[in-house]
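Okay, structure first, notes after.
The values are calculated or read from the model by the stated rules, or taken from the named source; none is laboratory data. Since this is a predicted model, take the numbers as computed values, not measurements. Quick reminder, even Gly has a Cβ in these numbers, built from the backbone with ideal geometry, and neighbours come from all protein chains shown.
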Amino acid sequence: MRAVRANDGKGRLGINRPRLLAVAAAALVILSPGCGSGNSSSSSNSNTLTAAQAQALSQQVVQAVTAALEGAFGVTQPPAIQARPSLSRVIGGVHADQSSGCTPTSTGQSCNFPLSYSGPCSAGGTISVSGDIEGTLNSSESGSISTQVTITPTNCVASNLTFNGDPNISIAGQIGFSNAEPTFPISLTENGGVSYGPNPAGSCQVNVTYTISSLSSCTVTGTVCGQSVSGGC
């Protein structure tokens, strides 16, 4: 038997409220952008690097900077570690009286070590380093020199991703000297941006600190593309 809607007493048929509410709820479900859509919030992190990929990029930068400083300072490392140059040993091997970088002045020395390096990345592409390390020392060869270094990856492949500068990465800090010898600890900061792809693809920021405590102790800590990185340098 067909249901009969009640008259409201004014000659009008009453509204079936439970049915109306059910229809409204169904409409909200259909129109909701979070249901059944390919643009759900769960996919918003799909362009994030993994911790391993962030670490791989960090190590590419460390190796490029080490090679650039090794060439600028003219430091030759022992054969046992030449296969994996150490940033701490390169900087520790710098002497303020090196004729290639420092010249006498009336009050001491003026030092300038220009950087110009381009080398291969681990799986293709290149990474370049440019800049200057300069400063003045007094007559006892004590003082400090400042670093202003720019690192630019160009189609640099590491951990199955291709990195480029966006626009680049920079490293800044000071190296102190006492009696022509570098003094520890030495702290350098690394900042900047990179782009990467093809899967995942995006761009991100780099915020890393190098802490060089001695000839044999150098650590990297910070974040690369939101991922924590740590390790030796």
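List of remarks:
- Checking region 126-135 against the condition returns no match, with no residue being of a type in the set (Asp, Glu), modelled with pLDDT of 95 or more and closer than 23 Å to Asn207 by Cα.
- Comparison of Asn207, Asn168 shows that the only residue that is under 12 Å from Ala54 (Cβ atoms), out of contact with any helix residue (DSSP H, G or I) (no Cβ under 8 Å at 6 or more places or on another chain) and part of a strand (DSSP E or B) is Asn207.
- Residue within region 102-122 that is closer than 17 Å to Val62 by Cα, among the small types (Gly, Ala, Ser) and in contact (Cβ under 8 Å) with a residue 60 or more places away in the chain present: yes
- Per-region count, region 115-143, residues farther than 20 Å from Gly71 by Cα and either surrounded by 14 or more Cβ atoms within 10 Å (Cβ to Cβ) or among the β-branched types (Val, Ile, Thr) (or both): 7
- Enumeration of residues in region 129-165 that are closer than 20 Å to Cys225 by Cα, assigned to a strand (DSSP E or B) and not hydrophobic (A, V, I, L, M, F, W, C): Thr150, Thr152, Pro153, Thr154, Thr162, Asn164, Gly165
- Residue in region 185-202 that is among the charged types (D, E, K, R) and touching a helix residue (DSSP H, G or I) at 6+ places or on another chain (Cβ under 8 Å) present: yes
- Taking the criterion of being at pLDDT 90 or above, under 21 Å from Tyr210 (Cα atoms) and in a loop (DSSP other than H, G, I, E, B), the only residue of region 88-125 that qualifies is Cys121.
- Gly165 surrounded by 17 or more Cβ atoms within 10 Å (Cβ to Cβ) and touching a Phe, Trp or Tyr at 6+ places or on another chain (Cβ under 9 Å): no
- Ser228 falls short on exactly one of the conditions (1) at pLDDT 95 or above; (2) surrounded by 15 or more Cβ atoms within 10 Å (Cβ to Cβ); (3) not acidic (Asp, Glu), and that condition is (2).
- Scanning region 151-165 for residues that are touching a helix residue (DSSP H, G or I) at 6+ places or on another chain (Cβ under 6 Å) and on the phi > 0 side of the Ramachandran plot returns a single hit, Ser159.
- Residue check, Gln148 in contact (Cβ under 8 Å) with a residue 12 or more places away in the chain, touching a strand residue (DSSP E or B) at 6+ places or on another chain (Cβ under 8 Å) and within 20 Å of Val94 (Cβ to Cβ): yes
- Long-range neighbours under 7 Å by Cβ, at least six apart or interchain, first residue at positive phi and modelled with pLDDT of 80 or more within region 54-80, second of a type in the set (Asp, Glu) and assigned to a helix (DSSP H, G or I): none
- Residue check, Ile171 at pLDDT 90 or above and in contact with a Cys (Cβ under 7 Å, 6 or more places away or on another chain): no
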